[in-house]
1. So, R0 is 51 Å and r is the distance between the beta-carbons of A:Glu396 and A:Lys317; what FRET efficiency does that work out to, to 0.05?
2. With runs of 4+ DSSP H residues as the only contributors, calculate the mean residue ellipticity of chain A at 222 nm using -39,500 (n - 2.57) per run, divided by the residue total and rounded to the nearest 500.
3. When DSSP beta bridges are limited to those with both residues in chain A, what percentage is antiparallel, rounded to the nearest 5?
4. In deg cm²/dmol, rounded to 500, what helix-only [θ] at 222 nm does chain B give when every DSSP H run of at least 4 residues adds -39500 (n - 2.57) and the total is split over its residues?
5. Evaluate the distance, in nm, between pseudo-label points positioned 7 Å from the Cα of A:Ser432 and of A:Tyr330 along their respective Cα→Cβ axes.
6. What is the Cα convex hull volume of chain B when expressed per residue in Å³?
7. Partner chain Cβ atoms within 10 Å, averaged over the residues of A:479-486 - can you pull that number for me?
8. What are the ³J(HN,Hα) couplings of segment A:203-217, residue after residue, when phi is run through the Karplus curve with 6.51, -1.76, 1.60 and θ = phi - 60°? Round to Hz, x for glycine and proline.
Amino acid sequence: MGTMETFTRTIEFSEYISVLEISYILASILFILGLKKLSHPDTARSGNLWAAAGMGLAILFTILFHKTRMENGSYEGIHNIGWIVAALVIGSAVGWMAAKKVKMTAMPQMVSLFNGMGGACAALISLMEFPKMQNMLATAGATNMLTGEAIAILLGLMIGGVSFAGSMIAFGKLDERIGDIKTPLLRYINLVFLFLLLAMIFYIMTMAPGKDNNLMIYLFTLLALLYGITFVMPIGGADMPVVISLLNSFTGVAASMGGFLYGNQAMLTGGILVGSSGTILTILMCKAMNRSLLNVIIGVFGGGGAASGSSGEQTVKEISLSDASVLLSYSQRVLIVPGYGLAVAQAQHLCHELENLLGSKGVEVKYGIHPVAGRMPGHMNVLLAEADVAYEKLMEMEDANNEMGNTDVVIVIGANDVVNPAAENDPSSPISGMPVIQVWNAKNTIVMKRSMAKGYAAIENNLFFMPKTRMLFGDAKATMQKLVSEIKNL
Amino acid sequence: MSEVLKFFMEYREAIFIIILSIFLGIEVISHVPSVLHTPLMSGANAIHGVVIIGAIIVMGHAGNVLSMILGFIAVILGTLNVVGGFVVTDRMLEMFSKKKKQK
């Protein structure tokens, strides 16, 4: 253990290192203030910039001033700077382009993808540090690897690997490239994988350091990747944002393991901050859906025997475009309840046009936003903000429900699960207990929908069969366009 | 038992930082309005890109071709996480602030 002792102690005397440590303290402060500012609407944007500045500072100073104590006692700075800068430039260019080009609707996938990159980065670091650590311990004559460094490397590898594989699966699912696999068997497979991974960590640490352990580490990596896949595979539907948020905090923990390994305070604080705030955010999201995190992970949600009782016998009533336009134009209060379907059809701008048009006719138009509308909490607010909808027009679920009785017409656009009465009155429904927007309490409800297909959670929706509900079938964008021109011609 | 105590003494600073940071992380975001959940998640996502520092350190001491290649990839992946994360977050938040100015 003597090597580690010197690793963290003697370096304090180098001037370069002091400058570096000061930059890390500044970076940590910027991360904390950035996160703090990110949680308030007025300061959020500058908060993001502050955190980015902290990151830039930490990266620059690491390249310039980082020194590692070598085995012979000398200090060595960062080599291969040309290659590092090249990688930085490539990564920046690709990341910048991807982030600028992605449609606002594809945002959740993008976050998942970037998260996976971070996880892979953490796993790669561990993979490369493991042989080095082995050599160091072997020369020191150690007979096992029971050290903090080994724990950090192995946990970083495991969590980073799970986060990478899981994020890729989450990305594929949100991008509709991968379907769900829902079999109870996966639950047991997951438990077995988790147990195996933890057992392997312990086993590897008790082994004597030597070259032949590398095979074991590759096996461990493979298992972590597999676990990442089987972890996310059965989770589907409305639970996807929760998973992304959870994987996000995983990557934070993986990054902090790297910080522990290198005695690097910027990585340590940055990683743990994200790990803990990400976990809280995940729990907040679960609360919004009235479910426990464990419930989400084990994956009781979604598909299967969800269509309880309400078979296809019932009929729906359609409404014509002209009837809809008259109904809307002569209402006093209209509430628009948007869902992911609106975003997919890119109809948020038309939505705003409809709002202005009705507003000019003296109709009061507001939006009722379910906390998990879209595919991430707050996703819908981002999309509507993109379409220049005023902030104060957006009502949160509770306020919308309180005013529902005074609302003449509710237009549900591409939303399904968040307006499903089964959440309140069908205890056998998978979404039972989830707070929903009670659109059925309004005087009229118009549901715009592409077809009678089930929502993202694959559950039958009785709202469509209710007496006050009228359906307006068709692509959300095309229908909105027609509706807007119809109202203009009135 | 003495092994555990020794472990604690050896890593006490890191353990302190970890524990304090956990509470700080919880405290800092606990009053966030749901509107900001997505940008906050995205911003936090960019911050854990700090793992890139580890990638730079490994790359900076890479001796053979294999570790050069892996390190190069690691730095690229980390940069993607950092730059992509911050730019995407900025794009989301830009829309909120545009709204404010028009009023």
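1. Taking R0 as 51 Å, the efficiency between A:Glu396 and A:Lys317 is 0.95.
2. Only helices count here, giving -19500 deg cm²/dmol.
3. Numbers: 2 of 25 bridges.
For chain A, the DSSP antiparallel bridge percentage is about 10.
4. Theoretical 222 nm ellipticity from helices: -25000 deg cm²/dmol.
5. 4.3 nm
6. It is 152 Å³ per residue.
7. 0
8. Ordered by residue, 3J(HN,Hα) equals 4, 4, 5, 7, 6, 6, x, x, 5, 5, 6, 4, 4, 4, 5 Hz.
Every read-out reported here was derived from the displayed coordinates using simple, explicitly stated rules and does not represent laboratory data. Treat the numbers as computed from the prediction; the structure is a model and nothing was measured. Here the Cβ is made from the backbone with ideal geometry for all residues, glycine too, and neighbour counts use every protein chain on show.
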